[in-house]
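Heads up: the structure comes next, in structure tokens.
The values are calculated or read from the model by the stated rules, or taken from the named source; none is laboratory data. Being a predicted model, the structure only gives us computed values, none of them experimental. In this analysis, Cβ positions are derived from the backbone assuming ideal geometry, glycine residues included, and neighbour counts consider all displayed protein chains.
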Amino acid sequence: MKKTILTGLRPTGNLHLGHLFGAGQNYVKLQNDYEFFLEIADVQALTDNFNDPEKVRKNVYEITTDLLAIGIDPNKVNIFIQSQISEIAELTIFFSNLVTISRLYRNPTVKSEMAQKKELFGNDGESITYGFLGYPVSQAADITIFSGELVPVGDDQLPLLEQCREIVRKFNNIYGNTLIEPQPVLSETTRIKGLDGNDKMGKSLGNAIFLVDDEETITKKVMGAVTDPSKIKKDDPANPDICMVYYYHNLVTPKEELETVCSECKKGTRGCVNCKKQLIKNLNEFLKPIKERRKQYEENPEIVKDILEKGTNIAKKRATENMNKIKEAMKIDY
Ligand code: TRP
Ligand code: SF4
């Protein structure tokens, strides 16, 4: 029997290169060897976007289309919508007895996200909602209701996984061995830097290249990327290791060409403008097949809907089966 993989994405915007290199490519590899549940976590997205339901709804379709465009095969992966699996909400309530409020406040992922959301949760998090504080509990329910054994995530998610494992252990201790304790799977690259040199590429940081960006947008973004600041004139030698243009060449430029970029930069025989133009060309080339596939789905949105419906039905079946076992263990199987 194949092991079960479960992971999720918040539908709050389109996928960018950070998602692709940090996670998406890993999913495409894993989809062949596992039973794969890929959750579009709309309920979780609402925990900090409850005032913008339109945005979340639109992005459920956007992000699904992006996932199909990067090569997620809907025949191998069950892509499903979190809100349609009511068992997740039910299990969240059961789990909420097994976690303390102080433990949630101490969760590093919650802490850092709370700090990023000052306008919603106040300067010291004094206006934090019950729902947001509790989303790690609902994420634990996401994972366990599908008996997820492996969870591919970025390292920022590890505290949430640890919290999930604690809840599962506690549940099994009290109610008997029922749930599977999941293991995180880190991808080889978990984090892609932004064009500005920031450690993380992020939508809210304004330093991301999206899969849907057109050539003009990509040109503008790459032209503004951070290079070695000591290079003033075209023929100054520079250090590619501190240049974001080189960092992105590394991701999309063929090996031999890359070596030329590196040595010419060090020698001072390459101007930054040309170097950027070459990167733009290579990025466009890299994104071309992704965009072509995306276009086919954009033109047939009913296919995307069907894929989500099919994935959600399979997920619902698995969740129902596990919920029966959970209720039995908790002696609420009336
Ligand atoms: N919290 C994850 C993120 O922000 C998304 C997510 C939701 C998730 N449910 C999950 C990840 C279950 C792994 C497993 O990226
Ligand atoms: Fe960066 Fe290229 Fe300029 Fe070197 S030549 S600093 S690699 S943009």
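On the given criteria, is D124 more than 16 Å from ligand 2 (Cβ to nearest atom) and farther than 25 Å from E328 by Cβ? Working first, answer last.
Details: more than 16 Å from ligand 2 (Cβ to nearest atom): yes; farther than 25 Å from E328 by Cβ: yes.
Yes.
If I go through the range 213-226 residue by residue, how many of them are out of contact with any His (no Cβ under 9 Å at 6 or more places or on another chain), crowded, with 16+ Cβ neighbours inside 10 Å and part of a loop (DSSP other than H, G, I, E, B)? Lay out the reasoning, then the answer.
Of the range 213-226, the ones out of contact with any His (no Cβ under 9 Å at 6 or more places or on another chain) are 214-226.
Then drop every residue that is not crowded, with 16+ Cβ neighbours inside 10 Å, which leaves 218-219, 221-222, 225-226.
Going one step further and asking which of them are part of a loop (DSSP other than H, G, I, E, B), we end up with 225-226.
Residues that pass the stated criteria total 2.
Answer yes or no as to whether A208 is assigned to a loop (DSSP other than H, G, I, E, B) and more than 16 Å from ligand 1 (Cβ to nearest atom). First the steps, then the outcome.
Working: assigned to a loop (DSSP other than H, G, I, E, B): yes; more than 16 Å from ligand 1 (Cβ to nearest atom): no.
Considered against the rule, which asks whether it is assigned to a loop (DSSP other than H, G, I, E, B) and more than 16 Å from ligand 1 (Cβ to nearest atom), A208 comes out as no.
I'd like to verify a number: residues in the range 99-117 that are over 25 Å from L205 (Cβ atoms) and basic (K, R), how many?
Going through the range 99-117 one residue at a time, the tally reaches 2.
Could you identify the single residue in T320, T269, T312 that is among the β-branched types (V, I, T), surrounded by fewer than 14 Cβ atoms within 10 Å (Cβ to Cβ), in the same structural domain as I85 (by TED's automatic domain parsing) and touching a residue at least 12 places away in the same chain (Cβ under 8 Å)? If you could, list the steps in order and put the result at the bottom.
On the way: T269 fails: in the same structural domain as I85 (by TED's automatic domain parsing); T312 fails: surrounded by fewer than 14 Cβ atoms within 10 Å (Cβ to Cβ).
The match here is T320.
If the requirement is being surrounded by 15 or more Cβ atoms within 10 Å (Cβ to Cβ), within 14 Å of ligand 1 (Cβ to nearest atom), touching a residue at least 24 places away in the same chain (Cβ under 8 Å) and more than 20 Å from A23 (Cβ to Cβ), which of these qualifies: G134, G154, G148?
Working: G154 fails: more than 20 Å from A23 (Cβ to Cβ); G148 fails: more than 20 Å from A23 (Cβ to Cβ).
When all the criteria are applied, what remains is G134.
Test S230 against the stated conditions and say whether it is part of a loop (DSSP other than H, G, I, E, B), surrounded by fewer than 16 Cβ atoms within 10 Å (Cβ to Cβ) and assigned by TED's automatic domain parsing to the domain that holds E264.
Yes: the conditions hold for S230.
For G134, state whether it is closer than 26 Å to E181 by Cβ and small (G, A, S).
On the way: closer than 26 Å to E181 by Cβ: yes; small (G, A, S): yes.
Spelling it out, G134 is indeed closer than 26 Å to E181 by Cβ and small (G, A, S).
Specify which of the listed residues (S102, S138, S96) is more than 18 Å from the chain's Cα centre (by Cα), polar (S, T, N, Q), under 17 Å from T47 (Cβ atoms) and in a helix (DSSP H, G or I).
On the way: S102 fails: under 17 Å from T47 (Cβ atoms); S138 fails: more than 18 Å from the chain's Cα centre (by Cα).
So the residue among S102, S138, S96 that is more than 18 Å from the chain's Cα centre (by Cα), polar (S, T, N, Q), under 17 Å from T47 (Cβ atoms) and in a helix (DSSP H, G or I) is S96.
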